[in-house]
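Each remark here refers to the structure printed beneath this line.
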Amino acid sequence: MKNPIQAKPPLRNRQRPVGVPSLPWRRVLWGVVLMVAVCAGESTPRAMAADAPASVQQQSPKERQRIAAEMFRERCKKAGVFIHRTVEDVEGIFLMKLRPKGLNFDEQYVLDDPYGSDVDGDGYIEVLLESFYESWQKTSSSPQPRDDRKGYKYVEAIDLKDGVRYRYTGSVKATRKMDANAPNVQLEVRRNPNFDLNIYDYILERTLSNAPRPRYGITYDDISTREERDYWIAGSSLKVIDMQTNEVMAERIGYMVDWAQGSSAGGRSPWLLAANNACPEFASRHGASAQRYQTIRFINKTLKPRG
């Protein structure tokens, strides 16, 4: 039986990818390359890792950008969202891999999937839960976004520390109180004597799972090669797998590139800004917010939550 993590449908016969750049994108790409070439100036120490090949270290910033653009354009030809089968009324999902705590913003050769990293640690579980979005009314002053995000009743995963499978859910709890002497709080109390002084937080909860493992699993892989990382290109695979049959039901293949080739000028974070140059493209945001909630949006295209 094939390992589902390694299962990968052939590129041929796939559905037409969604989100691959069109021809106008090429003009934008080269405009960005030229702008960065002018603005970036000399490479900073972080722009060229000590363990990069000597042949790459000897190249000028402009030459590295030229090669990176050609490589990125070729990778984008096989990038996209490929959905082979969808399922309705899915109650829970299984995370075959958890995201480690801490995001990679500037490590050139660490293969931890910078493209696919939208939330780290426990946050990666929280954004997949229905209760997380329902909690926003009490835990956030911002209105809940109106989009297609829908979480699941529960998420299961194996804790690598003890090898035990847990079921994760979440709920809103009052964790502290407002300062009753604060002027703005006193103003609210005068307006409304029943004003709630509690401050609410979303709390992730887990219990040992004795139920059958969820049928549908989610996994990710960094598919970057050493050559791609030499030119600050990161590749990613995100899959939905039927764990009963090892069928890859859907896969997203994505790439992103840092045109400044790792420059840390002005305190910039290479992988953070690389998210602005991605195929498929992320949401129409920039920097840190460009990649947020990408995982749940992709899963929702294949596994339709119950309710």
What ranking of Lys101, Lys150 emerges when the number of other C-beta atoms within 10 Å of each C-beta is taken as an exposure proxy, fewest first?
Lys101, Lys150
Order by protection proxy (mean Cβ within 10 Å, highest first), peptides 290-300, 74-84, 252-262:
252-262, 290-300, 74-84
Starting from the 7 Å offset along Cα-to-Cβ, what nm value, one decimal, do you get for the label separation of Lys161 and Val87?
3.0
How many percent of all Cα-Cα pairs in the stretch 124-208 sit more than 17 Å apart?
60
Could you tell me which of the pairs Lys77/Lys150; Lys101/Lys161; Lys97/Lys239 are separated by over 18 angstrom between their Cα atoms in the structure shown?
Lys77/Lys150
Could you please rank Thr225, Thr302, placing first whichever residue has the fewest other Cβ atoms within 10 Å of its Cβ?
Thr225, Thr302
Gain upon complete extension [Lys177, Phe195; 0.36 nm per residue less C-alpha separation]
5.3 nm
Could you tell me how far the Cα centroid of the stretch 250-269 sits from the Cα centroid of the stretch 163-221, in Å?
34
Nitroxide proxy distance, nm - points 7 Å out along Cα→Cβ at Asp242 and Val185:
5.5
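We did not get these values from a lab; they are worked out from the coordinates using the rules stated. Predicted, not measured: the structure shown is a model, and the values here were computed from it. Using ideal geometry, Cβ is built from the backbone for each residue, glycine included, and neighbour counts are taken over all protein chains shown.
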